[in-house]
Structure formats: C-alpha cells, structure tokens
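Every number in this text was worked out from the coordinates using simple rules, so none of it is lab data. Bear in mind that the values here come from a model prediction, so they are computed numbers and not experimental data. Every residue, glycine among them, receives a Cβ derived from its backbone with ideal geometry; neighbour counts consider all protein chains shown.
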Amino acid sequence: MPSTAARLRLGVNIDHVATLRNARGSAYPDPLRAALLAEAAGADGITAHLREDRRHIRDADIAALMAGLTRPLNFEMAAVPEMQDIALAHRPHAVCLVPERREERTTEGGLDVAGDEARLTAFIAPLRAAGIRVSLFIGHAPAQIAAAARTGAAVVELHTGAYCDLHAEGRLAERDAELAALRQGAALAHGQGLEVHAGHGLSFETVGPVAAIPQLRELNIGHFLIGEAVFIGLGPAIAEMRRLMDAARA
Ligand code: PXP
C-alpha cells in the first residue's frame with residue numbers, strides 16, 4: 001500500500017494555453033513553451049487533455065509534448081477507441097480517463113465507473129500492458145471507488161469541482177461537507193491500494209484544505225494557474241501554488 005507521508009506532486013494542466021492560441025487561430029501562445037516554463041517553475045508533471053472535439057489541445061501538441069518534456073506527461077482522454085490508439089502510439093507516463101459526454105458522468109461529475117465497469121476494465125488492459133499508469137477521474141462515492149479498484153487502474157483522481165464551486169458560491173457548510181466526503185474518499189481509495197490524486201477548479205483560495213488530505217499524492221491544476229499567469233506570470237503562479245501546497249502539508 002502506498003505511504004501517506006510522501007510529497008504531494010503538482011501536475012500543471014496547460015490546456016488553456018491552447019484555448020488562448022486557438023481563439024485567434026495563431027501559432028502562439030505555444031503549450032509546449034508553457035509546459036517547459038512550468039517544469040522550470042517546479043511542476044512535477046504536465047497534464048494535457050486531447051478532447052474528441054480538439055477544442056484546445058491538438059494531436060500535434062501531444063506529439064510535441066512527448067518529444068519535448070523532461071517530466072512525465074499525464075494524458076487526459078475519454079475512454080474511446082480513437083484515444084486509446086493515440087495513447088498506445090505515444091505511450092505517455094500516465095493516462096487519466098475523464099468523462100466528455102453527459103451520459104458518462106455520475107452525479108458527482110466524474111466517470112461512472114460503477115455503471116461501466118466491464119467496458120472500462122477491458123479498455124484499461126492494453127494501456128496497462130503497454131506500461132502506462134491509468135487513472136480514473138471520479139467522484140468520492142464509495143461505489144465508484146470500489147469499482148475503480150476492480151478495473152485494474154493504479155490511480156483515482158478525485159473531482160474537486162463541487163468543493164470549489166461551493167466555496168465560490170459562499171455555501172460554506174456544504175463546502176465543508178464536500179471536503180469531508182473528499183477526505184473519506186481519499187482514505188477509502190488509499191485503503192484499497194489505489195494511488196489518490198485530486199483536481200479540478202483548484203485555486204490559491206481552495207487548494208490548502210485539499211492539499212492537507214494525507215493520502216493524496218498529486219494535484220492537477222490548470223485553469224486558475226493559466227488565468228493567474230496573466231497577472232503575475234506562470235512561473236510565479238506555480239511557485240505560489242507549490243508554496244501553498246507545502247504549507248498545507250507541513
Ligand atoms: N483533473 C482533471 C481530470 C481534469 O479534467 C481537469 C480539467 O481539465 C483538471 C484536473 C484541472 O482542472 P482545472 O483546469 O480546473 O484546474
């Protein structure tokens with residue numbers, strides 16, 4: 001079983017550098033350049049999501065990231081054959097399976113692993129055989145965690161979007177209940193031998209209580225960091241996020 005004392009890694013999601021690039025149909029800003037800057041600023045890995053609609057990251061970005069990165073690539077994708085082929089061709093360090101269609105979602109916003117367990121187990125097998133670590137992006141419901149543990153995935157990433165939304169809306173009692181459920185989910189997943197990650201919507205304001213959950217090994221953060229980069233620069237934004245994570249963990 002993984003230790004709970006390990007350092008919390010920061011994965012920086014650079015999708016929205018591509019969103020900005022695509023807004024003007026230009027060649028810049030370049031997601032690989034942002035990823036290299038993120039690595040220099042202390043990112044432990046880079047996350048990029050090749051969506052089926054290619055709304056931000058494109059196929060050529062994945063190839064450029066695989067060729068240029070010095071830290072591991074966490075390749076987010078839908079559990080569909082086209083993406084499986086791309087993952088098997090590139091063999092990134094990790095694949096995180098995420099829902100892209102409404103019918104793939106649970107009420108918590110993550111993948112419905114419990115409702116799609118047999119298909120996901122079969123989908124994961126060739127990725128594992130190729131040496132790729134597979135992560136499932138799920139809510140904290142115990143049934144989803146138990147199903148994830150049975151699929152052969154090594155990792156679950158717990159969805160922090162509801163916690164962040166409740167914080168933003170000032171619904172603090174509900175936010176705290178959601179945080180407690182995330183804590184319980186992390187402990188449950190860890191107890192079932194899964195490595196536990198978390199992410200979605202995290203900011204300087206919301207990261208601390210999540211980073212303090214002892215079973216977590218990695219946070220994946222994108223949108224806030226890319227937004228904050230407009231004001232203070234990407235390197236300083238990542239450094240400040242790292243500082244807040246370390247402070248929460250201390
Ligand atoms: N983790 C997963 C699985 C995601 O899909 C995303 C969003 O692409 C993130 C983390 C990062 O979320 P955000 O961009 O809101 O920080």
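Any idea which of (1) within 12 Å of the ligand (Cβ to nearest atom); (2) in contact with a His (Cβ under 7 Å, 6 or more places away or on another chain); (3) not in a loop (DSSP other than H, G, I, E, B) is the one ILE57 doesn't satisfy?
Every condition holds for ILE57 apart from (3).
Between GLY191, GLY208, which is more than 10 Å from the ligand (Cβ to nearest atom) and within 22 Å of LEU97 (Cα to Cα)? Before you say what the answer is, go through the steps one by one.
On the way: GLY208 fails: within 22 Å of LEU97 (Cα to Cα).
After ruling out the rest, the residue left standing is GLY191.
Do the conditions hold for THR19, that is, is it within 14 Å of the ligand (Cβ to nearest atom) and assigned to a helix (DSSP H, G or I)? If you could, list the steps in order and put the result at the bottom.
Working: within 14 Å of the ligand (Cβ to nearest atom): yes; assigned to a helix (DSSP H, G or I): yes.
It is true that THR19 is within 14 Å of the ligand (Cβ to nearest atom) and assigned to a helix (DSSP H, G or I).
Does region 215-235 contain any residue that is part of a loop (DSSP other than H, G, I, E, B), away from the ligand (no atom under 15 Å from the Cβ) and crowded, with 19+ Cβ neighbours inside 10 Å?
Within region 215-235, the first condition is being part of a loop (DSSP other than H, G, I, E, B), and the residues that meet it are 215, 222, 233.
Then keep just the ones that are away from the ligand (no atom under 15 Å from the Cβ); that gives 215, 233.
Filter again for crowded, with 19+ Cβ neighbours inside 10 Å, leaving 215.
Scanning region 215-235 turns up at least one residue that is part of a loop (DSSP other than H, G, I, E, B), away from the ligand (no atom under 15 Å from the Cβ) and crowded, with 19+ Cβ neighbours inside 10 Å.
Can you tell me which residue within region 194-205, out of those that are in a strand (DSSP E or B) and more than 11 Å from the ligand (Cβ to nearest atom), is nearest to GLY110 (Cα to Cα)?
Filtering region 194-205 for residues in a strand (DSSP E or B) gives 195-199.
Within this subset, residues satisfying the condition of being more than 11 Å from the ligand (Cβ to nearest atom) are 195-196.
On the way: GLU195: 17, VAL196: 14 Å.
Per the stated criteria, the residue is VAL196.
With more than 19 Å from GLY199 (Cβ to Cβ), in contact with a Leu (Cβ under 8 Å, 6 or more places away or on another chain) and of a type in the set (S, T, N, Q) as the only criterion, which of THR121, THR151 stands out? Full working, then the answer.
Working: THR121 fails: in contact with a Leu (Cβ under 8 Å, 6 or more places away or on another chain).
Step by step, each of THR121, THR151 is checked, and only THR151 is more than 19 Å from GLY199 (Cβ to Cβ), in contact with a Leu (Cβ under 8 Å, 6 or more places away or on another chain) and of a type in the set (S, T, N, Q).
Kindly evaluate ASN74 against the criterion of being within 16 Å of the ligand (Cβ to nearest atom), buried (at least 16 other Cβ atoms within 10 Å of the Cβ) and not in a loop (DSSP other than H, G, I, E, B). Talk me through it step by step, then tell me what you get.
Details: within 16 Å of the ligand (Cβ to nearest atom): yes; buried (at least 16 other Cβ atoms within 10 Å of the Cβ): yes; not in a loop (DSSP other than H, G, I, E, B): yes.
Yes.
I'd like the residue in region 42-53 that is in a loop (DSSP other than H, G, I, E, B) and within 18 Å of the chain's Cα centre (by Cα) and, out of all such residues, is nearest to the ligand (Cβ to nearest atom).
ARG51
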